[in-house]
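To start, the structure under review is shown below, and the notes come after it.
The values are calculated or read from the model by the stated rules, or taken from the named source; none is laboratory data. Please read all numbers here as calculations on a predicted model, not as lab measurements. Neighbour counts run over all protein chains shown; Cβ positions are idealised from the backbone, glycine included.
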Amino acid sequence: VTLEELSPSDADDNAVVFSGPTPLDGVAVDDGRVSERDSTEARHPHLFLSYSTLDHGIMHNVTKTLNAAGLQVWVDKQYLTPGDPSWRRAIQDAIERSRCVVVILSPDAKQSKWVEAELDYAESQHKKIFCILARGDRTSSALLGYTLAQWVDIQRGYDAEMNKLIDVLWKYLHDTK
């Protein structure tokens, strides 16, 4: 599946907000969109974040944590305008401009055509892919080709696992300048 083959009707149905406990519960998350032309993050993101829309709440927490660590994250909910006819191209451009990709793995992500297409495109662009296991296990959450990948498992402790990921991301970004 490629990004060109997907249509808005292929989007994950019935998006829900994660209701499980997270270390950031009670912290307000800015849901406002940012104009791409006015944003350094949009022009030169450190990373592209891929996730299932059914993991929307997890995505917000992960994005907030990565931003707080100084990482510039490109995430569709922040940079795409609903109804924009060039959204596929915007996603491709964001992957191309990003230094790496972080994917939030879950059973829903494993079933998502969008996550699969984004990872396929990232691989075609030779982007390093970092995995966050957010829900499930290797069998229920990992896409083909990622069952043996190293990842952080935020189910074991959000803060400690995200700190590991942040350290690895900064090392990778520093080493690949």
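Within the range 155-173, being of a type in the set (A, V, I, L, M, F, W, C) and buried (at least 17 other Cβ atoms within 10 Å of the Cβ) holds for Met162, Leu165, Ile166, Leu169. Scanning the range 146-177 for residues that are assigned to a loop (DSSP other than H, G, I, E, B) and touching a Leu at 6+ places or on another chain (Cβ under 8 Å) yields a total of 1. With respect to the conditions (1) in contact with a Pro (Cβ under 9 Å, 6 or more places away or on another chain); (2) part of a loop (DSSP other than H, G, I, E, B), Ser140 falls short on a single one, namely (2).
Comparison of Leu66, Leu119, Leu71 shows that the only residue that is within 12 Å of the chain's Cα centre (by Cα) and over 16 Å from Ser52 (Cβ atoms) is Leu66. Condition check for Lys77 on (1) surrounded by fewer than 17 Cβ atoms within 10 Å (Cβ to Cβ); (2) of a type outside the set (Val, Ile, Thr); (3) modelled with pLDDT of 90 or more; (4) under 14 Å from Ser50 (Cα atoms): one failure, at (3).
Can you pull out every residue in the range 90-106 that is of a type outside the set (Gly, Ala, Ser), more than 15 Å from Met59 (Cβ to Cβ) and assigned to a helix (DSSP H, G or I)? If the condition is that a residue be of a type outside the set (Gly, Ala, Ser), more than 15 Å from Met59 (Cβ to Cβ) and assigned to a helix (DSSP H, G or I), then Gln92, Asp93, Ile95, Glu96, Arg97 are the ones that fit.
Within the range 107-124, take every residue that is assigned to a helix (DSSP H, G or I) and among the polar types (S, T, N, Q) and give me the one that is surrounded by the most Cβ atoms within 10 Å (Cβ to Cβ). Explain how you work it out, then say what you get.
Within the range 107-124, the first condition is being assigned to a helix (DSSP H, G or I), and the residues that meet it are 107-111, 113-124.
Now restrict to residues that are among the polar types (S, T, N, Q): 111, 124.
On the way: Gln111: 14, Ser124: 11.
Per the criteria, the residue is Gln111.
Of the residues Val103, Val62, the single one that is crowded, with 18+ Cβ neighbours inside 10 Å, under 26 Å from Asp175 (Cβ atoms) and free of Cβ contacts under 8 Å to residues at least 60 places away in the same chain is Val103. Does Pro45 qualify as being in a loop (DSSP other than H, G, I, E, B), modelled with pLDDT under 95 and buried (at least 19 other Cβ atoms within 10 Å of the Cβ)? Judged against the criteria, Pro45 is a match.
Asp137 satisfies every condition listed in (1) over 17 Å from the mean Cα position of the chain (by Cα); (2) modelled with pLDDT of 95 or more except (2). For the range 129-154, a residue qualifies if it is surrounded by fewer than 15 Cβ atoms within 10 Å (Cβ to Cβ) and not aliphatic (A, V, I, L, M), and the qualifying residues are Asp137, Arg138, Thr139, Ser140, Gly145, Thr147, Gln150.
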